[in-house]
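S.K.: Shown below is the structure under consideration.
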Amino acid sequence: MLFAQQLCGFALTALAHRASSHSWVACTDYRGDVNYFEQDMCLAWPRQWSNRGEHAEPQANGYHIAEEPPSRAWSGLGCDVAMASPSWQDGYSELFPFAVYEPGRVYCLAWPMKNHGIMPAGCTNPHSKSDEGLDESLTLRVSGVNPTRDPSQAEFNLRNINELAGLASNCSHTWSELGQNSNGELRDECQLGLEKHRTGHPDCKGFTRAPKFCESSGAAMGTGCFKVPLDMSPGHYVAQWYWDASFSRSSGLQNFAYTSCFDFEVVPLGSSAARLGDTGTVGTPDSTLPCQNNALKVSGAASATAPTTTAPSSVTPALGTSAPTPDSIPVEDGTGDAPAPTTPPGAACAGAHEICADPSWDSPPICCEDGYLCEFANEHWASCRPLPSATPVPAPRPISEPASTPSPQDAVAPTPLPGVSCVGAYEICADPSWDSSPVCCEDGYLC
């Protein structure tokens, strides 16, 4: 992916010893605690999970989901494990069954972090480390009903689960410059869990939603949830968990995309074939990171077929109908008329690092809480960033600029070019409005 601006990241020499990025889905219907993986609360698994042998045996805190070899990491496109033959059900067993979902209900996935998160402030565990991905994207894509083969990657790309559920639009996987409207996949509402991790922010969102990352950065559990579309026809489907990020490596900046495929059946709501009990993760995150139980967020998400008023960090339902679908994979018809534009939150100000300007809103940016300022990252998006320490903390205030539909000239003032001194961690070191080369970063960081 291309970046409109460059940020100061860790020096490449500090990352040279780290292994390549990787992770995989370990549970496809997780109903346990959000802090530690609970084996008995995982009701469904990826394909051929029984092949892990002794690594499928439970360990303290559920750390066995990260065990390798055998690794479940797959950096190719399509499916990591092919659909079983002659029946897709042959890829599962009594101990490790496939998922059974009901329309309209929320389900959660779980995965091992494998060091790819942000260390919370105050973490002193010498055995944990942070190898955060840059510009991460985490999505869930699904086939049409009763496929006879695994979809191609191009076919998966057209079937984002949030879009099919009416919670988003224009989520088809496209490559474009970060911040452009055409890069719809990177919007919060298109991401698994309806929220995207922002590079450099300890926000505990997206792939980095792992409350216990400090305790074991390699084996800690991450979770993310989704809603099954109400109009999803009963039958068999193939799902693809798709995690994409860039990493600084000794050879330079490298992009990695990892996928995990699993099968699920949709049964009518209330069917005797459905798995009993409440769905979704439970408990309250116990962490110094600002983690939340993602099942609660997805459960409260409103359909894009009606305007809503939500908190700044919540999903902003987008316009449109269901995604286009390839002829080779049969799918259901889209439902609902195009919705009215969404509206930003009312009187409440946005919190630390939350969105305060959104291109789908019909009003100016909203205010930020005490000590934060609404700062644009590009002509479309803005988040609440800390005020400089030397600046007195004002009362929350509304932001009047830019206008509701900012143009690059009005919305994004040129970033001031630093003088002689180098810029600090995660500060802008190159900007398209400058007439000079990128500036230096402080010791330990690289532009």
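The values are calculated or read from the model by the stated rules, or taken from the named source; none is laboratory data. Nothing here was measured: the structure is a model prediction, and the numbers come from that model. Note that each Cβ is placed from the backbone with ideal geometry, even for glycine, and that neighbours are counted across all protein chains shown. These accessible areas exclude ligands, DNA and RNA; they are computed on the full protein's heavy atoms, side chains included. Shrake-Rupley method; radii C 1.70, N 1.55, O 1.52, S 1.80 Å.
S.K.: For the stretch 232-256, give me each residue that is of a type in the set (S, T, Y) and part of a loop (DSSP other than H, G, I, E, B).
M.R.: Those that are of a type in the set (S, T, Y) and part of a loop (DSSP other than H, G, I, E, B): S233, S250, S251.
S.K.: Considering only the stretch 78-113, how many residues are free of Cβ contacts under 8 Å to residues at least 40 places away in the same chain and in a loop (DSSP other than H, G, I, E, B)?
M.R.: 5
S.K.: Only residues that are open to solvent by 10 Å² or more (accessible area, probe 1.4 Å) and either in contact with a strand residue (DSSP E or B) (Cβ under 9 Å, 6 or more places away or on another chain) or not in a loop (DSSP other than H, G, I, E, B) (or both): list them for the stretch 213-231, please.
M.R.: G218, A219, K227
S.K.: What pairs come up if the first residue lies in the stretch 143-162 and is without any contact (Cβ under 8 Å) to a residue 40 or more places away in the chain, the second is surrounded by fewer than 24 Cβ atoms within 10 Å (Cβ to Cβ) and among the polar types (S, T, N, Q), and their beta carbons are under 8 Å apart, counting only those six or more places apart or on different chains?
M.R.: From the stretch 143-162, the pairs are N157/S172.
S.K.: If I ask for residues that are out of contact with any helix residue (DSSP H, G or I) (no Cβ under 9 Å at 6 or more places or on another chain) and over 16 Å from Y36 (Cβ atoms), which ones from the stretch 267-287 would you list?
M.R.: Within the stretch 267-287, V267, P268, L269, G270, S271, S272, A273, A274, R275, L276, G277, D278 meet the criteria.
S.K.: Would you confirm whether or not the stretch 30-37 contains a residue that is open to solvent by 10 Å² or more (accessible area, probe 1.4 Å) and either at pLDDT below 90 or more than 25 Å from the chain's Cα centre (by Cα) (or both)?
M.R.: No, the stretch 30-37 contains no residue that is open to solvent by 10 Å² or more (accessible area, probe 1.4 Å) and either at pLDDT below 90 or more than 25 Å from the chain's Cα centre (by Cα) (or both).
S.K.: Please work out which residue is most open to solvent (accessible area, probe 1.4 Å), limiting yourself to the stretch 129-157 and to residues that are hydroxyl-bearing (S, T, Y) and more than 26 Å from T279 (Cα to Cα).
M.R.: Step by step, filter the stretch 129-157, then rank; the result is T148.
S.K.: When you check V267 against the structure, is it under 18 Å from the mean Cα position of the chain (by Cα) and farther than 27 Å from D131 by Cα, yes or no?
M.R.: In short, no.
S.K.: I would also like to ask the following. Select from the stretch 46-70 the residues that are surrounded by fewer than 18 Cβ atoms within 10 Å (Cβ to Cβ), part of a helix (DSSP H, G or I) and either touching a residue at least 12 places away in the same chain (Cβ under 8 Å) or on the phi > 0 side of the Ramachandran plot (or both) and list them in ascending order.
M.R.: Once the filter is applied, which keeps residues that are surrounded by fewer than 18 Cβ atoms within 10 Å (Cβ to Cβ), part of a helix (DSSP H, G or I) and either touching a residue at least 12 places away in the same chain (Cβ under 8 Å) or on the phi > 0 side of the Ramachandran plot (or both), the stretch 46-70 yields S50, N51, G53, H55, A56, N61.
S.K.: Taking Q180 as meeting all but one of (1) more than 29 Å from Q89 (Cα to Cα); (2) modelled with pLDDT of 85 or more; (3) open to solvent by 10 Å² or more (accessible area, probe 1.4 Å); (4) not β-branched (V, I, T), write down the number of the exception.
M.R.: So the condition that Q180 fails would be (2).
Per-residue answers, yes or no, for (1) modelled with pLDDT under 90; (2) under 24 Å from E189 (Cβ atoms):
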{"residue": "G104", "(1), (2)": "no, yes"}
{"residue": "L109", "(1), (2)": "no, yes"}
{"residue": "P126", "(1), (2)": "no, no"}
{"residue": "S130", "(1), (2)": "yes, no"}
{"residue": "D135", "(1), (2)": "yes, yes"}
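S.K.: Right, next: Tell me whether the stretch 261-282 contains one or more residues that are charged (D, E, K, R), under 20 Å from K205 (Cβ atoms) and open to solvent by less than 70 Å² (accessible area, probe 1.4 Å).
M.R.: no
S.K.: Mind checking whether some residue in the stretch 120-128 is within 21 Å of S217 (Cβ to Cβ) and open to solvent by less than 30 Å² (accessible area, probe 1.4 Å)?
M.R.: The answer is yes, given that some residue of the stretch 120-128 is within 21 Å of S217 (Cβ to Cβ) and open to solvent by less than 30 Å² (accessible area, probe 1.4 Å).
S.K.: Quick test for you: out of S260, S251, S246, pick the one residue that is more than 21 Å from the chain's Cα centre (by Cα) and small (G, A, S).
M.R.: S251
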